[in-house]
1. Output the residues belonging to segment 185-197 that are more than 10 Å from the ligand (Cβ to nearest atom), closer than 18 Å to His15 by Cβ and at pLDDT below 95.
2. Among the residues of segment 170-181, which ones are open to solvent by 20 Å² or more (accessible area, probe 1.4 Å) and either within 12 Å of the ligand (Cβ to nearest atom) or within 23 Å of Val276 (Cα to Cα) (or both)?
3. If we keep just the residues of segment 198-244 that are assigned to a strand (DSSP E or B) and buried (at least 19 other Cβ atoms within 10 Å of the Cβ), which is farthest from the ligand (Cβ to nearest atom)?
4. Name the residue that is farthest from the ligand (Cβ to nearest atom), counting only residues in segment 250-275 that are touching an Asp or Glu at 6+ places or on another chain (Cβ under 6 Å) and of a type in the set (S, T, N, Q).
5. Yes or no: Met16 of a type in the set (A, V, I, L, M, F, W, C) and crowded, with 22+ Cβ neighbours inside 10 Å?
6. Which one is nearest to the ligand (Cβ to nearest atom) among residues in segment 150-169 that are of a type in the set (A, V, I, L, M, F, W, C) and open to solvent by 30 Å² or more (accessible area, probe 1.4 Å)?
7. If you take just the strands (runs of 3 or more DSSP E) that sit entirely in segment 101-182, which of them hold at least 2 residues that are polar (S, T, N, Q)?
8. If you go through segment 283-298 one residue at a time, how many are more than 10 Å from the ligand (Cβ to nearest atom) and more than 28 Å from Arg317 (Cβ to Cβ)?
Amino acid sequence: MNVLVTGGAGYIGSHMVKMLLAHGRNVTVLDDLSTGHRDAVAGARLVEGDIGDEALVAQLLAAEAIGALIHFAAFSLVAESVADPEKYRRNNVVKAEALLRAMRAAKVDRLVHSSTAAVYGEPQYQPIDEAHPAQPVNPYGATKLAVERMLEAAHADYGLHSVSLRYFNAAGADPEGRLGERHDPETHLIPLVLQAASGRRKSVQVFGGDFATRDGTCVRDYVHVNDLCEAHLRALDWLAGGGGREAINLGTEHGATVLEVIEAACRETGIDIPKVMAPRRPGDPAALVASTARAERILGWRPTRSDLPTIIRDAWRWERRSVAS
Ligand code: UDP
């Protein structure tokens with residue numbers, strides 16, 4: 001089956017493409033390279049273009065005989081979404097609408113959608129299951145939820161089959177060292193910690209030490225990027241088996257604090273990573289931990305690489321490679 005991966009030149013998308021190819025799928029990537037990297041796509045056709053270009057997408061779906069889409073292409077920085085909500089609405093929602101129209105025109109009826117724990121907003125309980133109220137507290141989460149709603153409507157209205165996968169904290173890198181996280185600016189904890197280890201940064205800041213958690217720093221549920229990709233493969237299979245519409249968390253049911261992440265990174269790298277305490281980052285909830293019962297029940301998915309040592313070892317390999325090149 002031929003798969004179109006939007007955003008396949010990005011962090012999670014590029015790992016997905018590699019995994020799909022390893023599973024013998026034919027892959028086409030559509031990416032505008034606004035945040036992605038051309039050299040992250042190897043072995044698949046890369047079309048440089050806009051997911052909101054309905055004619056281009058419809059033509060591509062037909063020409064490449066696409067059977068299913070995996071849709072990663074979206075902006076994903078919370079702070080940027082607060083500063084420019086319209087940019088997020090236009091890119092994440094309006095263009096997703098165009099993508100769905102193109103799919104409908106080309107009679108492609110399977111989609112795996114990259115969603116986020118940010119759809120839940122301020123957590124009311126832990127671990128967070130899919131029945132938790134979805135009340136996003138920033139435009140990024142709101143745009144992802146808007147697409148989820150669109151997909152529900154498309155399922156009811158004309159039978160589009162889709163799965164939205166709500167990622168908790170994506171982390172880690174390709175165990176073979178070819179791919180990894182390359183954001184500019186980098187805002188995520190693990191790459192920043194490892195940049196402080198490699199000397200690319202002087203230190204890592206710890207945003208807030210006064211949360212109601214075991215050591216006062218925020219708890220997050222870190223899940224290895226390859227575990228996330230594995231869940232997408234299973235979602236494709238679920239759709240191929242006649243699945244209709246689902247929204248599913250991807251996490252591990254175990255949280256780590258910021259200080260625990262830094263300690264694990266010190267252990268794995270053998271480097272005493274300099275850290276400085278800093279004020280809380282606006283909008284950060286104290287804890288976000290996923291319930292994984294639904295992922296297990298529907299997709300038969302369980303993370304296998306999402307322990308901190310493995311995540312950090314894989315991300316450290318990538319960081320050292322980035323520094324060397
Ligand atoms: N964090 C931190 N210092 C940094 C970057 C992040 O202390 O330089 C904290 C952040 O406050 C959050 C956790 O690390 O509690 C994970 O943040 P990240 O931006 O990686 O992911 P998010 O949870 O925001 O999706």
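The values are calculated or read from the model by the stated rules, or taken from the named source; none is laboratory data. A quick note: this is a predicted structure, and the numbers were derived from the prediction, not measured. We place every Cβ from the backbone using ideal geometry, glycine too, and count neighbours over all the protein chains shown. For accessibility, only protein heavy atoms count, side chains too; no ligands or nucleic acids. Shrake-Rupley method; radii C 1.70, N 1.55, O 1.52, S 1.80 Å.
1. Answer for segment 185-197, where residues must be more than 10 Å from the ligand (Cβ to nearest atom), closer than 18 Å to His15 by Cβ and at pLDDT below 95: there is none.
2. Answer for segment 170-181, where residues must be open to solvent by 20 Å² or more (accessible area, probe 1.4 Å) and either within 12 Å of the ligand (Cβ to nearest atom) or within 23 Å of Val276 (Cα to Cα) (or both): Ala170, Glu181.
3. Per the stated criteria, the residue is His224.
4. Thr252
5. Yes, satisfied.
6. Met150
7. Result: 110-116, 161-167.
8. Qualifying residue count, segment 283-298: 6.
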